[in-house]
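Reviewing the structure listed below.
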Amino acid sequence: MRNGSINAAGNRGARAVLAAGAVTMSLSLSPLMAASAGATAKPTASSGWERVAVPDLGSASLSSITAPSRDVAWVGAGVDRHQPQGTSARSGRSGLLGLRTYSPRDTASCSTNETFRSAVLRWNGANWTRVTIPDVGGVGSIASASPRNVWAGGECGSLHWDGRSWTATPYALLPGQSSPENVVFSSDGRADAWIIERELGEETIKNYAERWDGSAWQVVSLPKLDDNTILTTISVLGPDDTWMAGEDAAGQAFFLHWDGRTWTRDAAPQIDHKEARIARMRVLAPNDIWATGNGVDPGSDGWNVSSPLIMHWDGHRWTNTPISAAQPKGVIYDVAADRGHLWAAGDTFSWGLPYETAALNWTGSEWTPSPAPVAGQGTLNALASIAGGGLWGVGYVNDTDGTLTPVVVRHK
């Protein structure tokens, strides 16, 4: 299985997410199958996307991007800790190792115990540079409330940029356990940030939440959930408007909403798939929220079939939006708006098959495929709207030897 973490309840996977204000970003630090063909890492002809050079990180996946202004953008990444920094890995392994389920609560432990090394890139209007940050493991998510207020979530600690420097803050200790996995981070600014995370036992899954009180993370209560339910993503619009999404023991998606006083549970709309997985929520407005992921069905050859899935909240209910038959397989990881048009991005992944990056456009009635932003086997993990017009996209391409080449593309 390819998704960022593999758990004990039906091998279900999830992605970690950070949101800021009306902007929701996602991560991807994924174990990969061996590539069946080399990745050329070039934009597809006539796609409208252009490749933008980035510093050499070695084998790495760019997980998330936020663009608080036209000339400022930040990217969070995970660099394979088992290859020399700043050089390409040629070990013959099939992509990066998976995101480990052990996440130490002590940020000092990250440098020795985690699979990924932290990396953050900054766009200054002309080029991308790598900035120095505390090592909190792979930076799975990054987002901004303003150019001087940027949050990032690592495997074992959060990071905050105040316009001058990055500082690391450890997560709170959770009752009865010290090794949660797949921390999911969301914020509408420094004053109101949330985390959801989970602990995997042999028979049960425990979900937890933390909230930023202005100086530290504090554990908060969640509604009662069944033992094999998992929360996969969270989006915070404000102190009285928080959304979470998850998957129950039967593999069915659901949504939780916090109105500042109580939690309400809403079922996801009916889909023509055996299971549904929500990877991320993108908030464009309180009545315009998109949930992306994939449906899963058993295949005739023994492999599961993954189909793209995009749901929409209109302020009253969730609906499943149509996706063109020309995009039969894949996973969608993000949605972003550009000058009145909606884009979705991900890949054409389905178990046991080669896959490529994928981009979709919303016509008003269905999502239709657009030429792939990058040729070759790879994934677009996240999108960001650019002030004044345009889009950023980040991810990776997978080379024949298993090296992940970080990719940044721009659509004008």
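The values are calculated or read from the model by the stated rules, or taken from the named source; none is laboratory data. Small disclaimer: the values here were computed from a predicted structure and weren't measured. Positions of Cβ are backbone-derived with ideal geometry, glycine not excepted, and every protein chain shown enters the neighbour counts. All accessible areas refer to the heavy atoms of the entire protein, side chains included, with ligands and DNA or RNA removed. Shrake-Rupley method; radii C 1.70, N 1.55, O 1.52, S 1.80 Å.
When Ala41 is tested against (1) modelled with pLDDT under 60; (2) closer than 21 Å to Ile195 by Cβ, only condition (2) is not met. The set of residues in region 292-302 being part of a strand (DSSP E or B) and either closer than 13 Å to Ala344 by Cβ or open to solvent by 10 Å² or more (accessible area, probe 1.4 Å) (or both) consists of Thr292, Gly293, Asn294, Asp297, Pro298. Of the residues making up region 274-291, just one is over 19 Å from the mean Cα position of the chain (by Cα) and buried (at least 18 other Cβ atoms within 10 Å of the Cβ), namely Glu275. Within region 303-316, restricting attention to residues that are without any contact (Cβ under 8 Å) to a residue 40 or more places away in the chain and open to solvent by 60 Å² or more (accessible area, probe 1.4 Å), the residue that is farthest from Gly390 (Cα to Cα) is His316. Residues that are in contact (Cβ under 8 Å) with a residue 60 or more places away in the chain, among the aliphatic types (A, V, I, L, M) and under 20 Å from Leu121 (Cβ atoms) do not occur anywhere in region 343-366.
Counting only strands (runs of 3 or more DSSP E) that fall entirely inside region 371-412 and contain at least 1 residues that are open to solvent by 10 Å² or more (accessible area, probe 1.4 Å) and of a type outside the set (Ser, Thr, Tyr), the qualifying elements are 404-411. At least 2 residues being out of contact with any helix residue (DSSP H, G or I) (no Cβ under 6 Å at 6 or more places or on another chain), under 21 Å from Arg280 (Cβ atoms) and modelled with pLDDT of 80 or more is the threshold, and among the strands (runs of 3 or more DSSP E) wholly inside region 144-240 those reaching it are 149-154, 157-161, 193-200, 205-212, 230-238. Looking across region 244-273, the residues that are in a strand (DSSP E or B) and surrounded by 17 or more Cβ atoms within 10 Å (Cβ to Cβ) come down to Met244, Ala245, Gly246, Glu247, Ala253, Phe254, Phe255, Leu256, Trp258.
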